[in-house]
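The values are calculated or read from the model by the stated rules, or taken from the named source; none is laboratory data. Note that the structure is a prediction, hence the values are computed from the model and not measured. Because the Cβ atoms are built from the backbone with ideal geometry, glycine has one as well, and the counts that use them run over all protein chains shown.
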Amino acid sequence: MSALPPAEAKEIEAKEIEEGLVLAPRFDAQGLVVCITMEAATKEILMVAYMNELALDKTIETGIAHYWSRSRQSLWRKGDTSGQVQKVLSIEVDCDQDALLLRVEPGGDGKACHTGRKSCFYRRLADGPTRRLEFA
């Protein structure tokens, strides 16, 4: 099963996108859709990345998370260099299909972030008006 091409997805009525059972992701002008990745067992958000149509198709076909690297302008399978392969347990779409949620079982030592942390979300905004970050 693959997603509809962006041109075809635009032709589907809003009601079908919001309430129907057709996968019709709304890729942005660069052909990307945001993808939130969550560890299924703990519900911890591990990372946010982007998928293009090819990354989504590969993820659906293989059951392993694939993403589109905006900086490298290339497809990447999570874990090819780090060993942190993400087995996809489910793919969910938001109401207007412009965001995806992957529930995954992380491989390796479970550290999804390239900094060596479990999650890419390891800092938070400190209290007060300083706009400084602190470690979570």
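Identify, please: which residue in the stretch 93-136 is within 20 Å of the chain's Cα centre (by Cα) and hydroxyl-bearing (Ser, Thr, Tyr) and is, among those, modelled with the lowest pLDDT?
Here the answer is 115.
Filter the stretch 49-76 down to residues that are within 19 Å of residue 97 (Cβ to Cβ) and assigned to a loop (DSSP other than H, G, I, E, B) and give me whichever is farthest from the chain's Cα centre (by Cα).
Step by step, filter the stretch 49-76, then rank; the result is 52.
Any residue in the stretch 53-71 that is free of Cβ contacts under 8 Å to residues at least 60 places away in the same chain sitting within a Cβ distance under 6 Å of a residue that is small (Gly, Ala, Ser)? List the pairs, counting only those 6 or more apart or interchain.
53/3; 56/3; 57/2; 59/65; 66/55; 67/49; 67/55; 68/55
Filter the stretch 19-43 down to residues that are β-branched (Val, Ile, Thr) and buried (at least 18 other Cβ atoms within 10 Å of the Cβ) and give me whichever is nearest to residue 105 (Cα to Cα).
Filtering the stretch 19-43 for residues that are β-branched (Val, Ile, Thr) and buried (at least 18 other Cβ atoms within 10 Å of the Cβ), the one nearest to residue 105 (Cα to Cα) comes out as 37.
The conditions are (1) at pLDDT below 90; (2) assigned to a loop (DSSP other than H, G, I, E, B), and residue 17 fails exactly one of them. Which is it?
(2)
Do we have residue 46 as buried (at least 18 other Cβ atoms within 10 Å of the Cβ) and either assigned to a helix (DSSP H, G or I) or modelled with pLDDT under 90 (or both) here?
Criteria not met by residue 46.
Which count do you get for residues in the stretch 77-92 that are part of a strand (DSSP E or B), surrounded by fewer than 18 Cβ atoms within 10 Å (Cβ to Cβ) and out of contact with any helix residue (DSSP H, G or I) (no Cβ under 8 Å at 6 or more places or on another chain)?
So the answer is 4.
Check whether at least one residue in the stretch 57-68 is surrounded by 13 or more Cβ atoms within 10 Å (Cβ to Cβ), at pLDDT below 95 and either more than 27 Å from residue 124 (Cβ to Cβ) or of a type in the set (S, T, N, Q) (or both), and report yes or no.
no
Would you call residue 95 in a loop (DSSP other than H, G, I, E, B) and surrounded by fewer than 11 Cβ atoms within 10 Å (Cβ to Cβ)?
Answer is yes for this residue.
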